[in-house]
1. When you look at Asp112, is it open to solvent by 30 Å² or more (accessible area, probe 1.4 Å) and charged (D, E, K, R), yes or no?
2. Every residue in segment 425-443 that is modelled with pLDDT under 95 and closer than 14 Å to Gly327 by Cβ, please.
3. State which residue is farthest from Ala233 (Cα to Cα) when the search covers only segment 501-514 and only residues that are touching a helix residue (DSSP H, G or I) at 6+ places or on another chain (Cβ under 8 Å) and buried (at least 18 other Cβ atoms within 10 Å of the Cβ).
4. Scan segment 438-468 for residues that are of a type outside the set (A, V, I, L, M, F, W, C) and over 26 Å from Glu266 (Cβ atoms) and report the count.
5. Find the residue count for segment 116-169, including only residues that are in a helix (DSSP H, G or I), open to solvent by less than 20 Å² (accessible area, probe 1.4 Å) and among the aromatic types (Phe, Trp, Tyr).
6. Considering only segment 51-89, state which residues are under 19 Å from the mean Cα position of the chain (by Cα) and in a strand (DSSP E or B).
7. What helices (runs of 4 or more DSSP H), lying completely within segment 375-487, carry at least 2 residues that are of a type in the set (Ser, Thr, Tyr) and free of Cβ contacts under 8 Å to residues at least 60 places away in the same chain?
8. What number of residues in segment 90-103 are touching a residue at least 60 places away in the same chain (Cβ under 8 Å) and either in a helix (DSSP H, G or I) or among the small types (Gly, Ala, Ser) (or both)?
Amino acid sequence: MKLRPSLLCAALALACGIGQAVTLRVADLGDITSMDPHSFNETLQLSFTGSIYEALVGRAKNMALAPALATKWTKLSPTVWRFDLRRGVSFHDGTPFTADDVVFTFKRAAGDGSDMKGYTSPIKEVRKVDEHTVDIETIAPFAILPDTLTSLYIMSKKWCEENKAERPVDKRKGIENTASFKSNGTGPYRLKERQPSTRTVIVRNFNYWDKVEGNVDEVVFTPIGNDATRVAALLSGEVDVMEPVPLQDIERIKSAAKFNVLQGPELRTIFLGMDQRRDELLFSSVKGKNPFKDRRVRQAFYQGIDVEAIKSRVMRNAATPTALMVGPGVRGFQPDMNKRLPYDVEAAKKLLAEAGYPSGFELGMNCPNDRYVNDGAICQAVAANLARIGIKVNLQTESKATYFPKILRRDTSFYLLGWTPSTTDAHDAMVNLMASPTDKGQGQFNLGWYSNPKFDELALKVQSETDDKKRNDAIREAFKIHQDDVGHIPLHQQALAWGVSNKVSLVQLPDNRMFFKWITLKSAL
């Protein structure tokens, strides 16, 4: 039997030279939901699968755009971009990477079950020019198209067809296929073992087209939901990197010998969403109507939540309260508009009374307990706050494995979510979180169906406007509309906190992605 060169190299490195193989052990609060790169638009999943798969456009250590599977991109006209594809690249099974894979991937990512439709919705057509060139035509001028492609990972057309994985895994419907448990990318690591909720192992792809700066041969990823257990695993040497560090343990880890905590601002905004579409609110004591359709009720909830108390008591000051759906570091952030409505229990009660709910009402709230920093505790604090204005919250917290399929089906009335704009541009949050949902992917994560036609008009203008001042003015106007409508309730931007062994040298990015090709275990040198 003949081994392909990439597999032979891996076998030699991990078998013949096992004494030199370097294993990095990583733990996280939750698990990677799927190996399918189009099934779930979540940072952890995109971060991990980003070492297996690659996009046309990547990001450098300073977050600037960088060539990946495309070596160059050129605007041929206001609506047409040409991408020159990297030559000599193969998928992990040895199949050459070509333009056919790009055309197939964009079609797959735009199809049923995909969580990536927000990135494909501005695209009219992807055309193969030759084996190593594609043209992408957008519906309207779209100056930041390359930025939107950094999370759209390319899959092998041949492999997907052979493994009956032509469509993405649909987490909303519980539909799985081969791509959920196996993978075949072009990235620096390939999948070795996948045990959902237990561990996932990837190993070096020694046929990778680019230089790997780090020295990690194998990554063992383990989900550890319990905070104390995760900290103990780091301090005992069972894992080399873990995140997030529980806020109460940051100083403890910093003071321990041979360990450190990498901290920094994160681009993620944590917010609350409300069902504004149904005529009767689900899981509520109110029958025959939906209180959230009344702006006064939404504002009452907003002003009934003490974000400063959440910041100090729940987040231990490792959060920045916000009035916008994007934070500092995101292009289009408006500092002068980042002023919250005041926390005011009496004003909130008055608004509820004016809306016809002088005694408040009861409703359900959905929240994950293993996705964001102190997410369950945040929701408990929100529920306690709202009780002061007469709102009885029946809080359901659960693992993200069951939480996200539920709320992505919009089977919720009131929910907590976090969002990191992968483009680092305000348009990302506008089109995914705030624009009216459509079957083409716009508003795919606007789970409460907030809708304002003028906002939608401005979102399209922001997408196509090439004049920076006019674009910024449109962003400001759209943000003002959303604030006036109380379309969502923004809470805060959380901070990054990664616990690492002093043996580890890595790069922490503000989008909370961890690229293993940049990691070095110093003791292994």
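1. When the stated conditions are applied, Asp112 passes them.
2. Of everything in segment 425-443, nothing turns out to be modelled with pLDDT under 95 and closer than 14 Å to Gly327 by Cβ.
3. In this case the residue turns out to be Asp511.
4. Result for segment 438-468: 14.
5. 1
6. Ala55, Val57, Gly58, Arg59, Leu65
7. 400-408
8. 2
The values are calculated or read from the model by the stated rules, or taken from the named source; none is laboratory data. This structure is a prediction, so every number in the text was calculated from the model and none was measured. Here Cβ is always computed from backbone atoms with ideal geometry, including for glycine, and neighbour counts include all displayed protein chains. These area figures cover heavy atoms from the full protein model, side chains too; ligands, DNA and RNA do not enter into them. Shrake-Rupley method; radii C 1.70, N 1.55, O 1.52, S 1.80 Å.
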